[in-house]
Amino acid sequence: MENTKGSLDTLVALSKRRGFIFQSSEVYGGFAGFWDYGPLGCELKRNIKDLWWKSTVRLREDVEGLDASIIMHPAIWKASGHLDTFSDPMSMCRSCKKLIRADQIWDIFEDGDIKPALEAVLGDAGKIANWCKGRGRSLAVNLFAIAQAETQLPKIFDRLAACKDAKELYTLLASPDPDALVLACPHCGGEMTEPRPFNLMFKTVVGPIEDPANAAYLRPETAQAIFAQFNNVLSTSRQAVPFGIAQTGKSFRNEVTPRNYTFRSREFEQMELEFFIKPDEAVELLCGKVTTLTDNPDISGDPQPDWGWEVWHKYWVEQRKAWIIQAGLPQSSFVEYWQKADELAHYARACVDIQYAFPFGVQELEGIAARSDFDLTQHQKHSGKSMEFFDEPLKLAVKNLSDEQRDAFRAKTVIAWQAAGKDEAAANAFIDKLFEGRYIPHVIEPSAGVDRMALALMCEAYEEEKLTDEKGKEDIRTVLHFSPAIAPIKVAVFPLVKNRPELYEKAREIFKGLRSRWFTFWDESGAIGRRYRRMDEAGTPFCVTVDFQTLEDGTVTLRDRDTMQQERISLADLKAKLETAIG
RNA sequence: GCGAGCGUAGUUCAAUGGUAGAACUCCAGCCUUCCAAGCUGGUCACACGGGUUCGAUUCCCGUCGCUCGCUCCA
């Protein structure tokens, strides 16, 4: 049997044909970056989320759930850094790769005579109109926006975007110095890319008044809500660090290029866990040592109090890999990529990407980041509210130390912090707090995409099987090998033929009995083989067929999707059998 | 965001300056005692908006969408 995985195109076609995923707003021509999940797709997504929630929250004593609002106080995005970095036009230096806010470059230009000169030229609407004639629309829009000279000047970005064109315009109008309009990096003098609007967040207005002061954003990640509600969850849940807060929900990013089917969508769903841990210094004071990866600790069992952040991070990487395998991606189908030091975000100590081999390339499915205390520190700074955790055992442990031991600890810690580039005062402030039993927890963040997981599971499950029957006739069977836990339809019930009332009635009775427990599908039309194949394309693991023997001895045939084998099983045993297989 | 190509039923393909055919799918009926293939009938398409024209699915322009390459991806 020679089987193939099929291309992304064949998967997309099946996905539409069977009702997994539709293009958003299709009747109006579609809407790039947005997708709708049909009857089977929404079951699939629901099953993925349920499986995640069960393993992350329900089965763990140390994780609590949260379901926060999508639109939150804009100050959250100020604190998190999203607003500063990604809502302004940015320009990147081609040499030193530094990202610089476009208005900062503009400020540099203000030193010279570029700005007034440019504005003078651009202000001549008649010249611009002539020049724009026959040129690209976006260019004309940009230049006219500037030329219109409304009471408010157009946004700085619009002006800067026109710089390249303005240079040409300068030349055309015999400007004294067109070269002056080349954007130069203020750090190294290198060439800057054209400014781009990094407004990755969707902006909206809260309240009926259309005023910039009422601007708010759709969340670009679910994580920040968890940090913002850290204190509330902590104080109402009887948890203590280490513990986690989990959330699933929609997030929104104004992606520049939504491509590869649902992989990079502008609206997507995340499953995020923020797991709060003690800083290593606190672990050391409590346990007298910090277990690191070089100690080769056993991370397959319950977490241990002496684990440092490295071990916690590795622990969650392994937890997440186990879950992904459970969901139906074999170990061989994904890779664990440890980001190099220069790839890490400035606040991250380590980050592992779980990458799946999609048909369009090996791409990130989930990230597990060690984010230090960056997020809670930011929110403490911006909100003015303490994000510290009071660790009573820590306070007691410190109390039991001698003055010499405390001094030695302080000296050692200050040196370590200085080696990490932080100043002595910060180290001492941290140690003072620590000695009182207070610290800002660090965090390990496993962050997974529901849509990416659904797509990966569909890609992995998809197979075109070449079958040859006993007469030697070849046939291709398209089948989705979903694991029973995530399969949208768990079981289908068929009457072997539909024009025998007694058979039909018996099958309906069995169908209704199963439906109360699992998502069960009923199909009575066409040849039995055709019905089996329909269910293969939907990924339904089991089909129950009611035939004449059922009426005599109370047995049915149970057909397995993957092996296509059938077994006769008594109705009395059917539910127990399915319970074992599906769960 | 830039450049190139593409856009006809759910899918794969036709034809055409005079409003479109097929196969498979799907639906209904018949037949049918277990793996899509029998019979009969049926539903369903020119992405959207302008322009040229007596008339546009066809030619032109724009928008939207898709694919590829660049760019981007906190």
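Are any of the residues in segment A:474-483 over 30 Å from A:K577 (Cα atoms) and surrounded by fewer than 16 Cβ atoms within 10 Å (Cβ to Cβ)? Looking for residues that are over 30 Å from A:K577 (Cα atoms) and surrounded by fewer than 16 Cβ atoms within 10 Å (Cβ to Cβ), one finds at least one in segment A:474-483, hence yes. Checking A:T257, A:T262, A:T292 one by one, the residue that is within 16 Å of RNA strand B (Cβ to nearest atom), among the hydroxyl-bearing types (S, T, Y) and free of Cβ contacts under 8 Å to residues at least 24 places away in the same chain is A:T257 and no other. Listed by position, the strands (runs of 3 or more DSSP E) enclosed by segment A:404-502 that each have at least 3 residues that are closer than 17 Å to A:D373 by Cα are A:442-449.
Against the criterion of being within 19 Å of A:S7 (Cα to Cα), of a type in the set (G, A, S), over 17 Å from the mean Cα position of the chain (by Cα) and more than 12 Å from RNA strand B (Cβ to nearest atom), A:A487 does not qualify. The C-beta contact set for segment A:489-502 (first residue open to solvent by 90 Å² or more (accessible area, probe 1.4 Å), second residue within 8 Å of RNA strand B (Cβ to nearest atom) and small (G, A, S), distance under 8 angstrom, 6+ apart or interchain) comprises A:K498/A:S525.
Of the set (1) farther than 18 Å from A:E281 by Cβ; (2) open to solvent by 50 Å² or more (accessible area, probe 1.4 Å); (3) part of a helix (DSSP H, G or I), all apply to A:I324 but (2). Taking each residue of segment A:558-570 that is surrounded by 14 or more Cβ atoms within 10 Å (Cβ to Cβ) and looking for partners that are in a loop (DSSP other than H, G, I, E, B) with beta-carbon atoms closer than 7 Å, six or more apart or interchain, yields A:R561/A:T540; A:R561/A:P541.
Yes/no matrix, rows are residues, columns are (1) modelled with pLDDT of 95 or more; (2) of a type in the set (V, I, T); (3) within 14 Å of A:F511 (Cα to Cα); (4) part of a strand (DSSP E or B):
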site	(1), (2), (3), (4)
A:R530	no, no, no, no
A:R534	no, no, no, no
A:V544	yes, yes, yes, yes
A:Q549	no, no, no, no
A:E552	no, no, no, no
A:L558	yes, no, yes, yes
A:T563	no, yes, no, no
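Of all residues in segment A:339-355, count the ones that are within 13 Å of RNA strand B (Cβ to nearest atom) and either out of contact with any Gly (no Cβ under 7 Å at 6 or more places or on another chain) or of a type in the set (S, T, N, Q) (or both).
The number of residues fulfilling the criteria is 9.
Can you find even one residue in segment A:80-89 that is modelled with pLDDT of 90 or more, in contact with a helix residue (DSSP H, G or I) (Cβ under 9 Å, 6 or more places away or on another chain), more than 10 Å from RNA strand B (Cβ to nearest atom) and open to solvent by less than 50 Å² (accessible area, probe 1.4 Å)? No, because not a single residue in segment A:80-89 is modelled with pLDDT of 90 or more, in contact with a helix residue (DSSP H, G or I) (Cβ under 9 Å, 6 or more places away or on another chain), more than 10 Å from RNA strand B (Cβ to nearest atom) and open to solvent by less than 50 Å² (accessible area, probe 1.4 Å). Considering segment A:25-52, and only residues there that are modelled with pLDDT of 90 or more, open to solvent by less than 80 Å² (accessible area, probe 1.4 Å) and farther than 13 Å from A:M458 by Cβ, the residue that is nearest to RNA strand B (Cβ to nearest atom) turns out to be A:G33. In the set (1) touching a His at 6+ places or on another chain (Cβ under 8 Å); (2) at pLDDT below 95, A:M387 fails one condition alone, (2). Looking only at residues in segment A:528-550 that are touching a strand residue (DSSP E or B) at 6+ places or on another chain (Cβ under 6 Å) and β-branched (V, I, T), which one is nearest to RNA strand B (Cβ to nearest atom)? In this case the residue turns out to be A:T545. Looking at segment A:440-471, which of its residues are closer than 15 Å to A:F334 by Cβ, crowded, with 21+ Cβ neighbours inside 10 Å and touching a His at 6+ places or on another chain (Cβ under 6 Å)? Listed by number, the list is empty, since nothing qualifies.
Residue-wise test of (1) away from RNA strand B (no atom under 14 Å from the Cβ); (2) outside any strand (DSSP E or B); (3) within 23 Å of A:K433 (Cα to Cα); (4) open to solvent by 60 Å² or more (accessible area, probe 1.4 Å).
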residue: A:H313; (1), (2), (3), (4): yes, yes, no, no
residue: A:S332; (1), (2), (3), (4): yes, yes, no, yes
residue: A:A357; (1), (2), (3), (4): yes, no, no, no
residue: A:M387; (1), (2), (3), (4): yes, yes, yes, no
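At pLDDT 95 or above, surrounded by fewer than 16 Cβ atoms within 10 Å (Cβ to Cβ), more than 30 Å from A:S483 (Cβ to Cβ) and more than 10 Å from RNA strand B (Cβ to nearest atom): is that true of A:S95 in this structure? Criteria not met by A:S95.
For beta carbons closer than 7 Å, sequence separation of 6+ or different chains, a first residue in segment A:336-353 that is open to solvent by less than 20 Å² (accessible area, probe 1.4 Å) and a second that is part of a helix (DSSP H, G or I), the qualifying pairs are A:A350/A:H313; A:V352/A:V317. Test A:R259 against the stated conditions and say whether it is of a type in the set (K, R), surrounded by fewer than 21 Cβ atoms within 10 Å (Cβ to Cβ) and either farther than 28 Å from A:H73 by Cβ or modelled with pLDDT of 95 or more (or both). So A:R259 fits the description; yes.
A quick yes/no check of all residues on (1) of a type in the set (A, V, I, L, M); (2) under 30 Å from A:R259 (Cα atoms):
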{"site": "A:E281", "(1), (2)": "no, no"}
{"site": "A:T294", "(1), (2)": "no, no"}
{"site": "A:D298", "(1), (2)": "no, no"}
{"site": "A:G308", "(1), (2)": "no, no"}
{"site": "A:W312", "(1), (2)": "no, no"}
{"site": "A:L344", "(1), (2)": "yes, yes"}
{"site": "A:G361", "(1), (2)": "no, yes"}
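The requirement of being within 16 Å of RNA strand B (Cβ to nearest atom) and open to solvent by 50 Å² or more (accessible area, probe 1.4 Å) is not satisfied by A:R238.
Could you list all residues from segment A:514-526 that are open to solvent by 30 Å² or more (accessible area, probe 1.4 Å) and either among the basic types (K, R) or within 38 Å of the chain's Cα centre (by Cα) (or both)? Residues satisfying the conditions are A:R515, A:S516, A:R517, A:F519, A:F521, A:W522. Sort out which residues of segment A:1-51 are free of Cβ contacts under 8 Å to residues at least 60 places away in the same chain, touching an Asp or Glu at 6+ places or on another chain (Cβ under 7 Å) and under 21 Å from A:F521 (Cβ atoms), and write them in order of number. Result: A:F22, single match.
The values are calculated or read from the model by the stated rules, or taken from the named source; none is laboratory data. Note that this is a predicted model, so its numbers are computed, not measured. Every residue, glycine as well, gets a Cβ built from its backbone with ideal geometry; the counts of neighbours run over all protein chains shown. Protein only, heavy atoms only, side chains kept; ligands, DNA and RNA dropped before computing areas. Shrake-Rupley method; radii C 1.70, N 1.55, O 1.52, S 1.80 Å.
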